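Input: a single structure, listed below in structure tokens.
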Amino acid sequence: MNALTGNSLKISRVNIVSKKFQRHSPSGNSVTLKSPNTSTNFQPIRATVTGGADSGETHSTVLSTESARDQLRPDMAASPDVTDGRIAGISAAIRVIPDFPKPGILFQDITTLLLDPKAFKDTIDLFVERYKDKDISVVAGIEARGFIFGPPIALAIGAKFVPIRKPNKLPGEVISEEYSLEYGTDKMEMHVGAVQAGERALVIDDLIATGGTLCAAISLLERVGVQVVECACVIELADLKGRDRLGDRPLFVLVSSI
């Protein structure tokens with residue numbers, strides 16, 4: 001039973017029927033997919049595979065908030081240990097909000113995960129357990145939700161935290177990397193001198209969808225000679241194929257939607 005919502009985790013597959021649904025990206029872009037019957041369920045993904053993305057949700061207007069939340073949480077397990085019971089708790093703590101930020105989008109809200117101390121701690125612990133012995137000196141967090149997960153991971157593994165921000169947010173001299181949105185382009189920026197050539201970095205965000213912001217962050221780091229060891233996200237929207245965009249760079253996720 002989830003104490004935040006009063007709903008228990010349902011281990012089942014659900015068909016969401018809608019004429020149109022969208023995935024919403026924290027960076028502001030969305031991808032519209034047309035399908036008469038869309039089956040959406042979360043299930044485990046193995047630890048280090050290639051890929052990445054940066055987006056957030058599906059939607060069907062026929063679903064209520066609570067029913068959508070229950071139905072989008074089935075069949076979960078953690079990487080690398082698919083029997084780790086912490087993953088179900090993490091999944092159940094993530095709330096799904098229909099029609100946000102606009103009609104036709106089902107938004108995955110990680111603020112309810114942050115309200116659950118055990119689920120939040122389990123999320124951080126799973127990442128720390130993976131990266132504590134990988135000689136990582138930089139944890140680069142992508143604006144904005146990467147700023148939530150990145151700092152506690154960095155502190156726990158003895159690394160520095162470097163914010164990767166949207167344009168005109170950093171006060172010092174920056175280097176920037178442009179990336180494509182569904183319509184137009186955007187940029188990610190990092191302070192000059194924040195990292196040094198030869199350092200080993202982890203790139204962290206809450207969610208990967210189309211992969212644009214993760215790729216931009218990787219490019220920023222690699223341009224100054226940093227080795228990106230891995231990208232890590234709490235959630236992956238697998239059908240948006242952000243992994244393909246990352247190429248051969250490894251991606252680690254806790255929860256995957258397929």
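Can you name the residue in region 106-136 that is in contact (Cβ under 8 Å) with a residue 24 or more places away in the chain and out of contact with any helix residue (DSSP H, G or I) (no Cβ under 9 Å at 6 or more places or on another chain) and is also nearest to GLU236 (Cα to Cα) among such residues?
GLN108
Condition check ((1) modelled with pLDDT of 95 or more; (2) part of a loop (DSSP other than H, G, I, E, B); (3) within 16 Å of GLY146 (Cα to Cα)) across all residues:
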{"site": "GLU177", "(1), (2), (3)": "yes, no, no"}
{"site": "VAL195", "(1), (2), (3)": "yes, yes, no"}
{"site": "GLU236", "(1), (2), (3)": "no, no, yes"}
{"site": "PHE252", "(1), (2), (3)": "yes, no, yes"}
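When you scan region 196-203, do you find a residue that is in contact (Cβ under 8 Å) with a residue 60 or more places away in the chain, crowded, with 20+ Cβ neighbours inside 10 Å and within 14 Å of the chain's Cα centre (by Cα), even just one?
Among the residues of region 196-203, at least one is in contact (Cβ under 8 Å) with a residue 60 or more places away in the chain, crowded, with 20+ Cβ neighbours inside 10 Å and within 14 Å of the chain's Cα centre (by Cα), which makes the answer yes.
Give me the pairs: first residue in region 206-221 and within 14 Å of VAL139 (Cα to Cα), second residue small (Gly, Ala, Ser) and outside any helix (DSSP H, G or I), beta-carbon distance under 7 Å, and six or more apart or on different chains, which are they?
Cβ pairs passing all conditions: LEU214/GLY52; LEU214/ALA53; ALA217/ALA140; LEU221/ALA140; LEU221/ALA201.
For the structure I just gave you, tell me whether LYS169 is surrounded by fewer than 17 Cβ atoms within 10 Å (Cβ to Cβ), in contact (Cβ under 8 Å) with a residue 12 or more places away in the chain, farther than 20 Å from LEU220 by Cβ and among the basic types (Lys, Arg).
So LYS169 does not fit the description; no.
Of all residues in region 158-173, which are among the hydrophobic types (A, V, I, L, M, F, W, C) and under 20 Å from the mean Cα position of the chain (by Cα)? Quick ask: steps written out before the conclusion?
First, the residues of region 158-173 that are among the hydrophobic types (A, V, I, L, M, F, W, C): 159, 161-162, 164, 170.
The answer is PHE161, VAL162, ILE164.
Hey, can you tell me all the residues within region 129-153 that are in a helix (DSSP H, G or I) and surrounded by fewer than 16 Cβ atoms within 10 Å (Cβ to Cβ)?
GLU129
Can you confirm whether ARG145 is among the basic types (Lys, Arg) and over 23 Å from GLY198 (Cα atoms)?
Yes; evaluated as a whole, the condition is true for this residue.
Among ALA119, ALA156, which is the only one that is farther than 25 Å from ALA217 by Cβ and assigned to a helix (DSSP H, G or I)?
ALA119
Please tell me if LEU114 is under 17 Å from the mean Cα position of the chain (by Cα) and more than 25 Å from GLU177 (Cβ to Cβ).
Yes; evaluated as a whole, the condition is true for this residue.
The values are calculated or read from the model by the stated rules, or taken from the named source; none is laboratory data. Just so you know, these numbers come straight off a predicted model, no measurement behind them. Every residue, glycine as well, gets a Cβ built from its backbone with ideal geometry; the counts of neighbours run over all protein chains shown.
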